[in-house]
Amino acid sequence: MTAEDQTKLKVEDLNLSFGSVQALMDVSFEVNGDEILALIGPNGAGKTSLLNCVSGFYHAQRGRVSFEGHDISRFSPSKRAKLGISRTFQNIELYTGLTALDNLMAARHVYIKYGPVAGSFFFGKARREEVENRKVVEEIIDLLEMEEVRYRVVESLPYGLRKRVDMGRALALHPKLLLLDEPMAGMNVEEKEDMARFILDIHELWKIPIIIVEHDMGVVMDICHRVVVLDFGLKLAEGTPAEIKQNEKVIQAYLGKE
Amino acid sequence: MWRPCGTFDDTYEKDISIVRTPAQWSITVAGLAVLAVLPLFASGYFMTTVNLIAISIISAQGLGILTGLTGQISLGQGAFMGVGAYTLMMLMNYLGFSFWLALPCAMVSAGIIGLIFGLPSLRIKGFYLAMATLSAQFIIPWVITNVRPDLTGGTSTINIQYPSLFGLDLSKQSSMYYVIIFFTIAILYLTRNLARSKIGRAFVAIRDNDLAAEIMGLEVFRYKLLSFTICSMYAGLAGSLWVLWVGAVNVDSFTLHESIWFLGMIIVGGLGSIPGVCFGVIFIRVLELFVQQISPPIAALFPDAIGAAIKSGLSPFTFGLVILLFLIYEPRGLAHRWEIVKHFYRRWPFSY
């Protein structure tokens, strides 16, 4: 299949440092087709830094990030979002004063074309576009089963639901590449199962590549196609979950013996 | 969120509409009708107050967009009103523009000046931005009084020719009321729509989490500047109407004092709420008048020296006290109280 061979995201020799702290050293990896790739490693290994380099929050000192064949290393975060890179956040960075629905609608921003004047009159084109995008958002609400909390202000939602709204907001962008930063963090088993199901559903429905940063090895080994292991800014290993489980270096640095 | 009883939204158009029940329609129409016939019954003094409140609402709505929705504190709203007022005056008096032509020009010029003073918001936020916009409040009046006093009149008052509309003389408070209230209602309508549109969502997104907003594809800086521009265009409109209201323009009307009062109004009303801003303006303006009425009798009770101090000090004292009490006991402002009343009504007879 051609879709599977296609390289979506290519990260080459990425170097990122904060002062004398080297967060990433010559990290390279690729995301192909519609695979689910896990980034794992001990705390402070540079997983989130790497994700931030891909989403544009950090600009690496050296190295290249290319998406669908274009070098995007110097693009601003908002420009990368327009290209179709969307992400969730480890600490849930939602718009707390808006309702869950409006959080998702706000992510549709790049698809809504009308300007401030049309918005002020809210007639014709503006109203039509609102309704069209609302339909898209409602599909995502349906997918993530958050109909109940649609009109609730995010501030008042419990943690698990906020996590889901965060995911919904990332999806509302209709990404071509989805980055999930610890989607299971702080959840109980049931919520983790839900979340894993959502991730698989999205993968199934949209056929998009997903990068997951996650500490729950059960989840990583179950749902991911490939795993990249980071340790102190270095890429330790890369391979299928089965290979990674057997890798001596990874066992020593992170997984530990049973 | 509680919605009026008996509304079943079967389309998204219905779900996003503002006025949704027959009762709400009747209240809207009745309210507009009352506003339309108000000058026939009210006294001149009352109309003067209504006009002042209506003008203040326009300016405060602008600040509401900037501070309440976008979260950028501005201490220059008074100065931006001044830009509008002086642009209008100069266009009318020196270039012979009619009031109606000078009005949009005044809005645009205030918008541009607001945009320029909004540029620091690229780098700074919060208190630092407040300081940066405070500079507008010092620079603009200085420019008005010192750069071309032959044009702006320096610190003295300059009169304008009262405009007319379809042969209607607008020099009386009751007749200019129609012009002012027209713009106020239009601004409320536009602001309400803006707030529920893509733009409004982007503004709130930037207020609540600007980093996430940037990651989610919003050009944060562009929207901050847009917010500054809209805010000062409203101020320009309010400043122009102020000139109409007074019949003259003086730099003393657009001081830091005014800017802080506007900020106080939107805090009392409730940041980020459109009806809240209106409540805040009405509350503060009426309170101001009330204090003006009661301070002479109170001052008369005291010896001369203390009496004079009370006369001049009671108004800022009350204002400060009110802001303080609101910040402590109702930081979400009158808008929140209004929501409580609405919810009570909608859930009645159940209390939960």
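Read the figures in this text as sums done on the coordinates, not as results from a lab. Values in this document were obtained by computation on a predicted structure and should not be read as measured data. Here the Cβ positions follow ideal geometry from the backbone for every residue, glycine too, while neighbour counts run over all protein chains shown.
The table that follows gives values for the structure above.
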item	result
By average C-beta atoms within 10 angstrom, highest first, the peptides B:289-302, A:199-212, A:121-134, A:164-177	A:164-177, A:199-212, A:121-134, B:289-302
For chain B, built as a Gaussian network whose Cα springs stay under 10 Å, the top-fluctuating residue of B:THR318, B:THR133, B:THR70	B:THR318
For chain B: rounded, prolate or oblate by the Cα gyration tensor [a/c cutoff 1.5]	rounded
Whole-number percent relative contact order across chain A, with pairs defined as alpha carbons under 8 Å at least 6 apart	27
Selected from B:GLY280, B:GLY31, B:GLY62 as most flexible by GNM, with chain B as the system and alpha-carbon contacts under 10 Å	B:GLY31
5 angstrom amide H check on B:LEU165, placed H, neighbours 5+ away	B:LEU170
Span from the the stretch B:68-126 Cα centroid across to the the stretch A:128-203 one, whole angstrom	42
Protection-proxy order for peptides A:213-222, B:14-23, each taking the mean of Cβ atoms within 10 Å per residue, highest first	A:213-222, B:14-23
Between helix A:159-172 and chain A: long-axis angle, C-alpha atoms, 0 to 90°, nearest 10	80
Shielding by partners - mean other protein chain Cβ count within 10 Å, residues of B:12-23	2
Helix-only [θ]222 nm of the protein assembly as shown, DSSP H runs n ≥ 4, -39500 (n - 2.57) each, per residue, nearest 500	-19000 deg cm²/dmol
Beta bridges by DSSP in the protein assembly as shown, antiparallel share as percent, to the nearest 5	60
Unit Cα scatterers, Debye sum, the stretch B:227-310: log10 I(q)/I(0) for q = 0.12 Å⁻¹	-0.52
With 5 Å bins from 0: P(r) over the stretch A:93-174, alpha-carbon pairs, percent	3, 16, 27, 22, 16, 11, 4, 1
The stretch A:213-235 versus the stretch B:34-53: alpha-carbon centroid distance in Å	70
Calculated from backbone phi, Karplus (6.51, -1.76, 1.60) coupling profile of the stretch B:59-69 in Hz, x at Gly/Pro	5, 5, 5, x, 5, x, 5, 6, 8, x, 8
Pairwise label distance in nanometres, B:PHE182 with B:TYR345, each label 7 Å out on the Cα-Cβ vector	3.0
Proximal aspartates and glutamates to B:LYS224, defined as alpha-carbon separation beneath 14 angstrom and excluding residues fewer than eight positions away on the same chain	B:ASP208, B:ASP210, B:GLU214
Ranked by how many other beta carbons lie within 10 Å on average, peptides B:189-201, A:235-247 from highest	B:189-201, A:235-247
Distance between the stretch A:62-87 and the stretch B:249-307 - C-alpha centres, whole angstrom	52
Per-residue HN-Hα couplings for the stretch B:141-154 [Karplus 6.51, -1.76, 1.60; θ = phi - 60°; Hz; x = Gly/Pro]	x, 5, 4, 4, 7, 10, 6, 10, x, 5, 8, 8, x, x
Amide hydrogen neighbours beyond the local backbone of A:LEU236, cut-off 5 Å, H modeled	A:VAL229, A:LEU230, A:ASP231
Inter-chain shielding of B:188-197 (mean C-beta neighbours from other protein chains, 10 Å cut-off)	5
Rounded to 10°, Cα long-axis angle of helix A:189-206 versus longest principal axis of chain A	80
Total formal charge among the other residues, if their Cβ is under 15 angstrom from that of B:TYR128, Lys/Arg +1 and Asp/Glu -1	+2
Sequence of A:CYS53, B:CYS231 once ranked by neighbouring C-beta atoms within 10 Å, starting from the fewest	A:CYS53, B:CYS231
Share of Cα-Cα pairs in chain A lying beyond 24 Å, as whole percent	49
Residue mean of other protein chain beta carbons inside 10 Å, A:115-127	6
Gain on full stretching of the segment that runs from A:ASP222 to A:ASP26 - 0.36 nm per residue minus C-alpha separation	67.7 nm
Local net charge near A:THR240, Cβ-Cβ under 12 Å (Lys/Arg +1, Asp/Glu -1)	-1
Estimated FRET transfer efficiency when R0 is 51 angstrom, pair B:ALA248-B:ARG20 (beta carbons, to 0.05)	0.70
Highest-fluctuation residue, B:ASP304, B:ASP210, B:ASP169 considered, GNM on chain B with Cα pairs under 10 Å	B:ASP304
Relative contact order (%) - the stretch B:42-272, alpha-carbon pairs under 8 angstrom, separation at least six	45
Lysines whose Cα lies under 19 Å from that of B:LYS14, excluding same-chain neighbours fewer than 8 positions away	A:LYS125, A:LYS135, B:LYS198
Point-to-point label distance, A:ASN15-B:VAL37, nm (Cα→Cβ direction, 7 Å offset)	8.1
Estimated distance in nm for a label pair at A:SER156 and B:ALA309, the labels positioned 7 Å out from Cα along Cα-to-Cβ	4.8
Rounded to whole Hz, the Karplus (6.51, -1.76, 1.60) HN-Hα couplings of the stretch B:73-85, x for glycine and proline	6, 10, 10, x, 4, x, 5, 5, 4, x, 4, x, 4
